[in-house]
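Single-structure report; data block below.
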Amino acid sequence: MPLKRVLAAYLDRSVDAVELTEGTHGRPALATPAELDFNWSHSGDHAMIAVARYLPQLGVDIEMQRERPRARQLAQRFFAATEAEALGGLPESARSEAFFALWTAKEAVLKAHGRGLAYGLERVAFELTPHGTRPKQFSGPIGAVDEWHCQTLHPQADLAGTLAWRGASRDVSLLRAVSV
């Protein structure tokens, strides 16, 4: 399993010594507590693993970029009203890319929080910027927007992604995977 191989390398353990468990809402975690947190995402034939030391909450999401002709309708149904309005104000040709920027930001934060989509997509609102997204308004126990950081990822032309974490600002390195 590629995930366990990556974690074993970070933990300086054998792959067999890495045990995974699930949190209350299904979020994967190390069975033996460590200073390491991780999250992973997949879309199509692609996967991404995020790893960080000394962060209590880390999430990542990637999605294959594709046309979403109903992006505006989906946003009106599931996103915050400000996000649906922002998408509606974009030219049709820019909506799919903006939709995936918002979607991956939302899912990365919700995965980091540990509740996933069940928490509610509309409860975490983002603002579209020229460089991706920025947290705008969060509601409930997820915490204040200024506690969260989001890094837009472009691992390759056909993928959209976001890395999210709660805690101090960090430098982010994107390593490209090879065949496993």
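A few comments on the model shown:
- Ligands, DNA and RNA are left out, and with a 1.4 angstrom probe the accessible area of the chain is 56 Å² per residue.
- Residue-normalised convex hull volume from the C-alpha trace of the range 75-179: 118 Å³ per residue.
- Of the peptides 67-78, 18-29, the order by per-residue mean of other Cβ atoms within 10 Å, starting with the highest, comes out as 67-78, 18-29.
- Diffusion coefficient, µm² s⁻¹, Stokes-Einstein with Kirkwood Rh over alpha-carbon pairs of the range 4-80 at 37 °C and 0.692 mPa s: 223 µm²/s
- The distance linking the range 1-62 with the range 91-127 is 21 Å (Cα centroid to Cα centroid, whole angstrom).
- Computed in the context of the full set of protein chains, the accessible area of the range 84-180 at 1.4 Å probe radius has 51% of its extent on carbon or sulfur.
- Listed peptides 147-154, 129-136 appear in the order 147-154, 129-136 once ranked by packing, highest mean of other Cβ atoms within 10 Å at the front.
- Rolling a 1.4 Å probe over the protein heavy atoms of the range 1-73, with every protein chain left in place, gives an accessible area that is 48 percent carbon and sulfur.
- Straight-distance crosslink candidates among lysines, where the alpha carbon sits under 17 Å from residue 136 and sequence neighbours closer than 8 are dropped: 106
- Percent of Cα-Cα distances greater than 27 Å, calculated over the chain: 26 percent
- Rounded to the nearest angstrom and listed largest first, the equivalent-ellipsoid semi-axes of the range 25-126 from its Cα gyration tensor are 29, 15, 10.
- When the convex hull of its Cα atoms is viewed from all sides, the range 69-118 shows a mean projected area of 3.3 nm².
- Neighbourhood charge, 13 Å Cβ-Cβ cut-off, centred on residue 26 and excluding it, Lys, Arg +1 and Asp, Glu -1: +2
- Estimated purely from DSSP H runs of n ≥ 4, each contributing -39500 (n - 2.57), the mean residue ellipticity at 222 nm for the chain is -8500 deg cm²/dmol once divided by its residues.
The values are calculated or read from the model by the stated rules, or taken from the named source; none is laboratory data. All figures in this text were calculated on a predicted structure; none of them were measured in a lab. For neighbour counting, all protein chains shown are included, and Cβ atoms are generated from backbone atoms with ideal geometry for every residue, glycine included. Heavy atoms of the whole protein, side chains included, go into the accessibility calculation; ligands, DNA and RNA do not. Shrake-Rupley method; radii C 1.70, N 1.55, O 1.52, S 1.80 Å.
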